[in-house]
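Participant: Before I ask anything, let me first share the structure, which is written out below as structure tokens.
The values are calculated or read from the model by the stated rules, or taken from the named source; none is laboratory data. The structure presented is a predicted model; accordingly, all values stated were derived computationally and were not measured. Here the Cβ positions follow ideal geometry from the backbone for every residue, glycine too, while neighbour counts run over all protein chains shown.
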Amino acid sequence: MRGRVSRGLDVLASGLRRYVAMRTPSYILLEAEESRGGVTTWDALSLLIFMWDNWNEVFRHDLTFVERSLVSELREYRNRWAHQQEFTERDVYRIMDNIERLLYAVKSEDVEAIRQLRKESLRRLWSEEIGNDQGNGYLRKLWPYLMCGSSGIALGAAIVAFGPSPWSWMLAILVLMAMMRIAWWQTERESLHRHGPHECSQCGCIIYTEKCPYCKPMTISDVAAGVKDRTAKRMVDIS
């Protein structure tokens, strides 16, 4: 989960840098850059703090108190992330949703990127809250066949008992086949509500489960190296 939060914060920083650079008067921005460096190197926390500190003077004219509350909440989550606190799936979804709302408010081009992360988190949250029912998967698939099969056998027995042979046997077999077909339809319909193939947000591999089997748990050094590489790449692109 920390890896997905890290990626969401990167998207947030990318979207806010352009907005802060365009919206902030030059004299305020230059004064902040003297102590923090160029705005193109600011991370998500620096951008959120800057927006909070300069809200009344700069950002309140474009944004509302709703966006200000999003800035405050995202600052808190970013601090939790920095202090290695654990996140639940509900926390991750809330973070992605808040980032999407804030980037949408500032008309950022990165809204679609964070929307994909939010959708992935929503799928995971749905599995966690509603239940992917891994332990009951076989029972879920077997239950329609048991119900329809027993109904087909009961109907077939009644047809054979009260109907003339051999037509009654043929009709009983057709009824059983029809009931099993209904059971198959039911299992197929339920399978549509399961998660199909989708792209992992971390490694980009196409996976068929909620947890990617190709991703290893990210360590602090992995996160730091990833942020350093992305920062270097952005500096090269800017230059």
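Participant: I'd like the full set of residues that are among the aliphatic types (A, V, I, L, M) and farther than 17 Å from R60 by Cα, limited to the range 1-33. Lay out the reasoning, then the answer.
Facilitator: First, the residues of the range 1-33 that are among the aliphatic types (A, V, I, L, M): 1, 5, 9, 11-13, 16, 20-22, 28-30, 32.
Those that are among the aliphatic types (A, V, I, L, M) and farther than 17 Å from R60 by Cα: M1, V5, L9, V11, L12, A13, L30, A32.
Participant: Considering only the range 31-138, give the helices (runs of 4 or more DSSP H) lying wholly within it that have at least 2 residues that are under 16 Å from G15 (Cα atoms) and either charged (D, E, K, R) or in contact (Cβ under 8 Å) with a residue 60 or more places away in the chain (or both). Don't jump to the end; show me each part of the working.
Facilitator: Numbers: elements: 44-53, 65-82, 89-105, 111-126.
The qualifying helices (runs of 4 or more DSSP H) are 65-82, 89-105, 111-126.
Participant: If you check I114 against the conditions, is it crowded, with 18+ Cβ neighbours inside 10 Å and modelled with pLDDT of 90 or more? Quick ask: steps written out before the conclusion?
Facilitator: Numbers: crowded, with 18+ Cβ neighbours inside 10 Å: yes; modelled with pLDDT of 90 or more: no.
Considered against the rule, which asks whether it is crowded, with 18+ Cβ neighbours inside 10 Å and modelled with pLDDT of 90 or more, I114 comes out as no.
Participant: Looking only at the range 15-28, count how many residues are assigned to a helix (DSSP H, G or I) and crowded, with 19+ Cβ neighbours inside 10 Å. First the steps, then the outcome.
Facilitator: Narrowing the range 15-28 to residues assigned to a helix (DSSP H, G or I): 15-23, 26-28.
Filter again for crowded, with 19+ Cβ neighbours inside 10 Å, leaving 15-17, 19-20.
Count: 5.
Residues checked against (1) modelled with pLDDT under 90; (2) in contact with a strand residue (DSSP E or B) (Cβ under 9 Å, 6 or more places away or on another chain); (3) among the hydrophobic types (A, V, I, L, M, F, W, C):
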site: G3; (1), (2), (3): yes, no, no
site: S6; (1), (2), (3): yes, no, no
site: Y27; (1), (2), (3): yes, no, no
site: E34; (1), (2), (3): yes, no, no
site: M51; (1), (2), (3): no, no, yes
site: H61; (1), (2), (3): yes, no, no
site: F65; (1), (2), (3): no, no, yes
site: S72; (1), (2), (3): no, no, no
site: Q85; (1), (2), (3): yes, no, no
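Participant: Looking at (1) part of a helix (DSSP H, G or I); (2) closer than 21 Å to R101 by Cβ; (3) under 24 Å from the mean Cα position of the chain (by Cα), which is the one condition that is false for G3?
Facilitator: Single failed check for G3: (2).
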